[in-house]
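Worksheet for the structure shown next.
None of the figures in this text is laboratory data; all of them are computed from the coordinates on show. Note that the structure is predicted; figures quoted are calculated from it, not measured. With ideal geometry, Cβ positions are generated from the backbone for all residues, glycine too; neighbour counts draw on all protein chains shown.
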2 protein chains.
Amino acid sequence: MGLTRRRLLASAGAGGLAAAAGGGFVVGRETAPDDGPDAAAQTVPFHGEHQAGIATAAQDRLHFAAFDVEDGLRAADLRDLLREWSRAAERMTVGQTVGGDDGGQLAPPADTGEALGLTPARLTVTFGLGPSLFDDRFGLAASRPEPLRDLPALPGDELDPARSGGDLCVQACADDPQVAFHAVRNLARIGRGAVTVRWSQLGFGRTSSTSKAQTTPRNLMGFKDGTRNLKAEDPSDLARHVWVAGDRPGEPAWLRGGTYLVARRIRMLIEVWDRASLGDQEQTIGRHKASGAPLGAREEFDTPNFARLPVDSHVRLAAPASNEGTALLRRGYSFTDGLDDRLGQLDAGLFFLSFQRDPDAFVRIQRRLGSADKLNEYIKHVGSGVFAIPPGARRGGWVGETLLALSR
Amino acid sequence: MGLTRRRLLASAGAGGLAAAAGGGFVVGRETAPDDGPDAAAQTVPFHGEHQAGIATAAQDRLHFAAFDVEDGLRAADLRDLLREWSRAAERMTVGQTVGGDDGGQLAPPADTGEALGLTPARLTVTFGLGPSLFDDRFGLAASRPEPLRDLPALPGDELDPARSGGDLCVQACADDPQVAFHAVRNLARIGRGAVTVRWSQLGFGRTSSTSKAQTTPRNLMGFKDGTRNLKAEDPSDLARHVWVAGDRPGEPAWLRGGTYLVARRIRMLIEVWDRASLGDQEQTIGRHKASGAPLGAREEFDTPNFARLPVDSHVRLAAPASNEGTALLRRGYSFTDGLDDRLGQLDAGLFFLSFQRDPDAFVRIQRRLGSADKLNEYIKHVGSGVFAIPPGARRGGWVGETLLALSR
């Protein structure tokens, strides 16, 4: 293990004279680890069968970015980028600087520095590949998984192309927003000349639990969200609904251990919602607001009696029981981006993120919701993206290797 | 003390039957407190000689909003609004719902609910009055403190009117962004019909320490910021530089115990900065990047030898020694608002907030910085506001009472 950001600072303090003498900005020096159990608890391993940031207990903050590859690049450039991104992500997730060449006083610092002194904050960096990456630019058309295509038009869509799509995506989650910001910023910086940011999204509060150890958070409608979400403690559920196993039609070998990410920017019409009566709000969701219990039940985790919920309530329509057993691993975040210039209303809502074995699972549920959900009076979908999420990297490997290792 | 949000949930869980039976959304019921020392540590008192959120140890997150008063309102309406805002702020800072009438299932919930179950998270709500409030609408022209006027044009300003000014402002700070968001949202909701949001700003990471108990954070340039800031532990400094005492010309009695807030949205030209060499960055700031020590010194808190710092370095130009002893209490936050549509570059930087006894203190320093600071190559000021910050409310009182209590 290398020198963490916290230890770097301690050593920089002691070695201030060297810095003053022009020794430059010490980064990434290798040394023995001794940050103790606290640092370990703050670290989510980057390597593994699956990428981190999916079944990982949801962190508090999000910085998401979609990138487009610049004109003229070849598959080998794309491979180099993904390899370099993986290396940087691996370092940042253990609290190190992004590393790379450090040229002393005369060169820009390899790391932008704003996370120095911060813990890893359970940072995860998850990489995804958009459908457009599989066009004719990189020779990948034959490798495109059949389910990976732009989502079809869905009922109620009011999508902004500037908030949709992308050749690549990066999802950085951490318990400290400055750590998540630092990760995306430095990856964008590493990618300069190869990729440009197409759109990005900050999330300030998680709206799903992905572990039974977590309490259920509330979304900006004030309701508990994700009570019946898939949970990391149920690996058989994840195997069934999330991970690509490679044993179904349309599941290429390179995606085995991976999944698909659907991202939707869902604007809440906050002012309208806030004027709705408590009764309307609870009938719309299908749960009691204070307790989170299904209508007619007592406790949050009581199983809903679907037959007794309003037919157009969100909980009833979205439930697996209403969708031939289809389930998604939701991992969304609340967002607010200030005021809508045009309307002078709060531009806030839910940045919905779900991981599933087939993006069509999302499409089927959303078709049902979009046509019948009472919630539609209060929300609109304004951004959309779908990405194949490659499997995790082995030690010494990189995310995307299973697809791109042999690219010319 | 009333029922906190955490206790509300516990009781709502137990009383789920009552809720299911149509008992409505229980809020603000009075009961004995027993949330223990942890809850106390998470609570910053709302009442006092000064408003909270100024000398309070800076919290991690910010939600700031500037409001304009709607046409046709009278001074009495303004008074009612400020009274109601104070009452709501008082409740939220101890972790209660905003309260007000609760009409059961048939009425909108009094509180929007997204902070239910969260701690107070050291929430502070600080109210301010802009120069425009003292025009002829409310009969306040004669009460306008002479120093309260729009800031003059300053060197390098590229201000966007849509991000500047405002009749009123609310600064909500908390260690949990959802708590800060909830506060501003519910105040805006209470103010509906009386005020509209003119602009708002989220801050995701504090960039100043205001207490000696806090470590110095880093701004998005990767440098420690606010090392030599005024600190709450030095009340004589605050008395000299921050609090209006009423004993100088232009200091009206109603503002005694208050101060002035200057807010500046400072965009950082991140991409340019990231390409600058470490040497350039350090010469620009006047400090070493890793340690935060002044150039030529060893430790962060070593006193700079100003004569040896570059004449155009930020630390040298901004120091009290270069400004006839002028000092500000800085309390800014980092922000990022995604991409700049026009340029495709990161729209991020520092939302600068400073409290001072006279806004002219800021003007004088900024004139010096704006004309000579090497940092100007990397930043631009794009938003601006100045507000008189009334003294704190006494128990049973409200912020603004000293100015408005007698308004017709």
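The trypsin sites (Lys or Arg not before Pro) of region A:255-353 that meet both conditions, a loop assignment by DSSP and at most 15 other Cβ atoms within 10 Å of the site Cβ, are A:342.
Any idea what log10 I(q)/I(0) is at q = 0.12, 0.15, 0.25, 0.29 Å⁻¹ for region B:91-159, Debye with uniform C-alpha scatterers and no solvent? Computed log10 I(q)/I(0) values: -0.67, -0.79, -1.06, -1.28.
Take each residue in A:196-206, count the other chain C-beta atoms within 10 Å of its C-beta, and the mean is 4. Please work out whether chain A counts as rounded, prolate or oblate from its C-alpha gyration tensor, where a ≥ b ≥ c are the square roots of the eigenvalues and a/c under 1.5 means rounded, while otherwise a/b larger than b/c means prolate and anything else oblate? Prolate, because a/c is 1.5 or more and a/b exceeds b/c. Compared with the dominant Cα axis of chain B, that is its longest principal axis, helix B:359-372 is turned about 40°.
Taking every alpha-carbon pair under 8 Å whose residues sit at least 6 apart, region B:264-408 reaches a relative contact order of 29 percent. Shortest first, residue A:240 label-point distances to identical copies amount to 7.1 nm, with the label point at 7 Å from Cα along Cα→Cβ. Comparing B:370, B:257, B:296 in a Gaussian network model of chain B where C-alpha atoms under 10 Å apart are linked, the largest mean-square fluctuation is found at B:296. Summary for residue A:57: label point 7 Å along Cα→Cβ; distances to the equivalent points in the other copies, ascending, 2.5 nm. Computed per residue of chain A from DSSP H runs no shorter than four, each worth -39500 (n - 2.57), the mean residue ellipticity at 222 nm is -6500 deg cm²/dmol.
Taking every residue in A:328-335 and counting other chain Cβ atoms within 10 Å of its Cβ, the average works out to 1. Sorted shortest first, the separations between the residue B:311 label point and its copies elsewhere in the assembly read 8.2 nm; each point sits 7 Å from Cα along the Cα-to-Cβ line. Only lysines eight or more places from residue A:380 in sequence, or on another chain, were considered; those with a Cα closer than 20 Å are A:224.
Of all lysines in the structure, those lying under 22 Å Cα to Cα from residue A:231, and not within fewer than 8 positions of it along the same chain, are A:212.
Build a GNM of chain A with springs between Cα atoms under 10 Å apart, and of A:123, A:168, A:220 the one that fluctuates most is A:220.
Look at the Cα gyration tensor of the protein assembly as shown: its axes a ≥ b ≥ c give a/c of at least 1.5 with a/b at or below b/c, and that counts as oblate.
For the residues of A:110-119, the average number of beta carbons from a partner chain within 10 Å of their own beta carbon is 5. Summing +1 for each Lys or Arg and -1 for each Asp or Glu among the other residues whose beta-carbon sits under 10 angstrom from that of residue A:59 gives +1. Across chain B, the longest run free of exposed loop sites, meaning GluC sites (Glu not before Pro) lying outside DSSP classes H, G, I, E and B with no more than 14 other Cβ atoms within 10 Å, spans B:71-157.
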